[in-house]
Amino acid sequence: MKYIATLLSLFTLFYITQDIVNDNDNENTAQSSDTIKTADAPKKLSAEPLELELKWQAFKRERMAKQNKDGDTQIADSKKQIKIGSQTFILYGIFEHPSQPFALLKNKSGEMLKVAKGDELADNVTLVSLYSNKIAFNRNGEVIEFKLFERKK
């Protein structure tokens, strides 16, 4: 029985030694066959703007001129609009601060307003309730409620 254990141990030692020697030979051949590759230097761009950039700048100037001609910025997303009387606001978010929750609104002139419960938004318009899914205003005794989302069944 001792002879079988000794024979298996010698066979395992021989196998491991052969594996280590073969790995070292493979590394040596891999190192000698590698060549050093150099990268090309990037091409320098000219100081003049590209044609695409010129078109983009012209489009931007055209859009800015149109907004200035209209007198106010256009409100893009009608789903986020809050219209109270003749005034229109964009709702940017409702924030549930631990001490006092507030909402961020932007008026047509681009001014950002931070409105908390009890604050007056415009003439005779006061924020009366503020929840994560709805916001309510009081205008001359009339409650105007805006639901941000409503779960469908």
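The values are calculated or read from the model by the stated rules, or taken from the named source; none is laboratory data. Computed from a prediction, not measured in an experiment: that's the story for all the values here. Cβ: placed from backbone, ideal geometry, glycine included. Neighbour counts: every protein chain shown.
Some observations on this one:
- Taken together, the residues in segment 79-103 that are surrounded by 15 or more Cβ atoms within 10 Å (Cβ to Cβ) and assigned to a strand (DSSP E or B) amount to 9.
- In segment 54-75, the condition of being farther than 26 Å from residue 147 by Cβ, of a type in the set (A, V, I, L, M) and either modelled with pLDDT under 80 or surrounded by 11 or more Cβ atoms within 10 Å (Cβ to Cβ) (or both) is met by at least one residue.
- Unmet criterion (only one of (1) within 15 Å of residue 84 (Cα to Cα); (2) out of contact with any Gly (no Cβ under 8 Å at 6 or more places or on another chain); (3) surrounded by 11 or more Cβ atoms within 10 Å (Cβ to Cβ)) for residue 140: (3)
- When restricted to residues that are closer than 18 Å to residue 147 by Cα and hydroxyl-bearing (Ser, Thr, Tyr), segment 83-111 contains 2.
- When restricted to residues that are in contact with a Lys or Arg (Cβ under 7 Å, 6 or more places away or on another chain), more than 14 Å from residue 85 (Cβ to Cβ) and crowded, with 16+ Cβ neighbours inside 10 Å, segment 104-127 contains 1.
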